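The values are calculated or read from the model by the stated rules, or taken from the named source; none is laboratory data. In this text, all values refer to a predicted model and were calculated from it rather than measured experimentally. Every residue, glycine as well, gets a Cβ built from its backbone with ideal geometry; the counts of neighbours run over all protein chains shown. Calculation scope for accessible area: heavy atoms of the full protein, side chains included, ligands and nucleic acids excluded. Shrake-Rupley method; radii C 1.70, N 1.55, O 1.52, S 1.80 Å.
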Amino acid sequence: MRYFAGAFVCALFVLGLVREAAHAQSIAPTAAPKFETEPFSGAELLRGKRITEAECAALPGAVWVTVDQQGECIRYYYSTAGGSGSELAVFFSTEVASTNARGEVKPYDFYVKQTPGAMQDRSAGWSRSLRMPYLYLARPGTYGSSGEYARRRTSREIDLIAAALDAIKSRHGYTRLHLAGFSEGGHTAAALLARRADLGCVVLASSLLSVRSRLAEAGRDQDVTGNKHPVDPVALVDQVVKRPDLRIIVVTDPDDNVISARSQAAYVRRASAAGLPVQQIFAAATDSNAHDLWRAGLSVAADCARGVKDDAIVSKYQNKMPETPPDADDPPLNAPGVLTRGVTVNESQCKSLRNAVWVRVDGTGYCVRYWISAAGGSKDEAVVFVHGDLGDAKTPGNLNRYAALMTAGRMQRDVRRWSRVYGGPYIAIGRLGAFGSSGDHRLPVLQVGADSGTENFHGLHNESQSMAIDCAKDMDDSALVAKYQNKATPGSGGVSAVRSR
């Protein structure tokens with residue numbers, strides 16, 4: 001009996017342990033869900049992505065935030081594989097789609113091949129490389145975040161990201177953030193400067209920092225999204241609170257063909273005038289467009305976060321000083337009236353120009369401008385590029401947008417880019433009266449209407465040869481018209497010649 005009683009007590013004790021274990025298991029947190037392995041959707045990028053609050057709660061690396069009573073799920077890819085602490089490096093990357101001149105948007109191949117799982121793995125790799133906690137924040141509508149990609153560079157986008165950072169800080173217990181932004185992602189980082197007081201180092205690599213400068217350089221009055229009033233970081237510098245622990249570092253390749261060094265320097269100049277602690281570093285990018293400085297930007301951010309001084313950072317990363325200051329005067333090469341009056345440059349003026357040669361043809365002197373680069377390597381041969389006409393196809397009397405905006409600096413950056421693509425010397429030559437060369441860019445054309453007398457209205461070979469001989473004998477236009485024209489030219493409404501230039 002005593003044995004039975006003892007066994008009964010033991011059984012109750014064991015049962016109690018089982019129940020305790022079962023209770024503990026019921027309240028223990030479930031294993032974190034794995035990041036998805038399906039590639040990001042190009043279709044969702046274009047039309048916008050929708051995620052409910054409940055769906056967001058079930059996703060790894062996601063926070064639900066609300067702005068103007070409308071919620072969005074913001075994804076992030078976070079790792080402490082390289083270290084822990086109270087400070088976090090946050091990265092914002094570039095655009096994930098191209099927009100052509102017709103406004104057509106196409107997702108980049110690299111985006112639609114990427115997966116959330118791969119993004120998380122990369123974050124772990126960067127945390128180890130930087131030796132500190134690292135987070136990649138997906139801007140609205142991209143990389144798994146809900147929202148509309150088309151509404152980037154708006155106040156709502158910046159508000160959503162700011163709210164997401166607050167939620168992430170609270171969730172993971174960070175007290176200070178260090179931001180690194182690349183290209184259009186740098187726009188986000190720079191805009192956040194005006195809204196947050198918890199930022200330490202803000203590194204802006206090849207970044208869109210002056211939207212108005214970029215639009216002016218492209219001859220546009222609105223963002224590629226169609227927004228005529230995008231958030232512009234250069235206009236926000238006066239709203240940035242000056243703090244002793246704040247450091248702003250702009251990393252620029254002087255030859256950047258995507259976001260010009262001039263526009264980046266405009267931000268540096270404006271921020272410096274506002275009394276902000278800003279430093280610009282000139283570094284060589286690895287790609288043909290002289291733009292990809294995101295790796296350097298992340299490394300600079302980590303060094304800055306560890307307290308490395310500005311002069312040491314400059315000494316470590318600066319390796320490509322500009323030949324001329326990025327904000328030096330660089331007016332358009334073509335005057336507005338170039339198509340109506342031509343370009344006059346005398347011999348002495350020509351010889352004072354950089355990259356110009358004086359040549360004589362049939363006793364007449366011409367100044368021919370050219371741009372040359374061997375940035376891609378040296379060879380005993382070169383590619384020579386000759387551009388097309390300057391006139392606009394729809395309004396031939398006007399310069400096309402490309403020609404109207406072209407400067408000597410942009411021409412030189414362009415030949416450096418193509419030299420890198422080619423892998424050897426590259427030369428661009430300005431035709432007569434174009435891109436700084438002297439002469440008349442217009443080709444004088446006299447259109448004469450004549451009756452061929454044939455069934456298909458095409459047999460004018462005899463007349464054309466006779467007319468060519470008379471022209472070679474210096475017969476003037478009026479005499480040629482009087483001799484050969486006997487039928488109205490198209491669109492003239494009568495028997496008259498059309499002279500076009």
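Applying the criteria of a DSSP loop state and at most 12 other Cβ atoms within 10 Å to the trypsin sites (Lys or Arg not before Pro) of segment 421-474 yields Lys473.
In terms of packing, defined here as the mean over residues of other Cβ atoms within 10 angstrom, the peptides 287-294, 384-391 line up highest first as 287-294, 384-391. Pairs of Cα atoms nearer than 8 Å and 6+ residues apart set the relative contact order; for segment 132-192 it is 23 percent. Taking GluC sites (Glu not before Pro) as exposed when DSSP calls them loop (any state but H, G, I, E, B) and at most 12 other Cβ atoms lie within 10 Å, what is the longest stretch of the chain free of them, the sites themselves excluded? Here the longest run is 105-322. With θ taken as phi - 60° and the Karplus curve 6.51 cos²θ - 1.76 cosθ + 1.60 applied, the whole-hertz 3J(HN,Hα) list for segment 220-230 is 10, 10, 8, 5, 4, 6, x, 7, 8, 9, x Hz, x standing for glycine and proline. Seen from Gly103, the other residues with C-beta closer than 12 Å to its C-beta sum to a net charge of +1, counting Lys and Arg as +1 and Asp and Glu as -1.
Going highest first, how would you order 324-330, 406-412 by mean Cβ packing within 10 Å?
Values: 324-330: 13.7, 406-412: 20.1.
Those peptides, ordered most packed to least, come out 406-412, 324-330.
How would segment 184-293 be classified by its alpha-carbon gyration tensor: rounded, prolate or oblate, with rounded meaning a/c under 1.5 and the a/b versus b/c comparison settling the rest? Because a/c hits 1.5 or more and a/b fails to exceed b/c, segment 184-293 counts as oblate. With an a/c value of 1.5 or above and a/b not larger than b/c for the gyration tensor axes a ≥ b ≥ c computed over the alpha-carbon atoms, segment 105-247 is described as oblate.
Segment 338-391 and segment 421-441 have Cα centres lying 5 Å from one another.
Rounded to the nearest 5, what % of DSSP beta bridges with both residues in the chain are antiparallel?
Working: 30 of 58 bridges.
Bridges in the chain that DSSP calls antiparallel: roughly 50 percent.
3J(HN,Hα) couplings calculated from phi for segment 172-177 with the Karplus curve 6.51 cos²θ - 1.76 cosθ + 1.60 (θ = phi - 60°) are, in sequence order, 9, x, 8, 10, 9, 10 Hz; Gly and Pro show x. Taking every protein chain into account, the accessible area of segment 325-447 amounts to 56 square angstrom per residue (probe 1.4 Å). Between helix 461-472 and the chain there is an angle of about 80 degrees, using the helix long axis and the longest principal axis of the Cα atoms.
Between segment 277-335 and segment 117-145, the alpha-carbon centres lie 24 Å apart. When DSSP beta bridges are restricted to pairs lying wholly in segment 224-368, around 50% turn out antiparallel.
Among Lys106/Lys394; Lys34/Lys169; Lys106/Lys228; Lys394/Lys487, which pairs are too far apart, with a Cα-Cα distance over 23 Å? Can you show the working numbers first?
Values: Lys106/Lys394 27 Å; Lys34/Lys169 21 Å; Lys106/Lys228 21 Å; Lys394/Lys487 26 Å.
The answer is Lys106/Lys394; Lys394/Lys487.
Cα gyration tensor of segment 376-435, axes a ≥ b ≥ c as square roots of the eigenvalues: rounded (a/c below 1.5), prolate (a/b > b/c) or oblate? Prolate is the answer for segment 376-435, as a/c is 1.5 or above and a/b outweighs b/c. Each residue of segment 118-123 was assigned a 3J(HN,Hα) from its phi angle through the Karplus curve 6.51 cos²θ - 1.76 cosθ + 1.60 (θ = phi - 60°); the sequence is 5, 4, 5, 4, 5, 5 Hz, with glycine and proline shown as x. Put simply, the amide H of Asn398, placed in the peptide plane, has neighbours under 5 Å in Asp392, leaving out anything fewer than 5 places away on its chain.
Once backbone amide H atoms are built at 1.01 Å from N, Ala62 has Tyr76 as its partners under 5 Å, excluding neighbours fewer than 5 places away on the same chain.
Distances between placed amide hydrogens fall under 5 Å for Ile281 paired with Val250, Val251, Thr252, all partners being 5 or more residues away or on another chain.
If I compute solvent accessible area with a 1.4 Å probe over the protein chains, what percent of it on the chain is carbon and sulfur? Numbers along the way, then the final one.
Working: 13870 of 25860 Å².
The computed percentage sits at 54.
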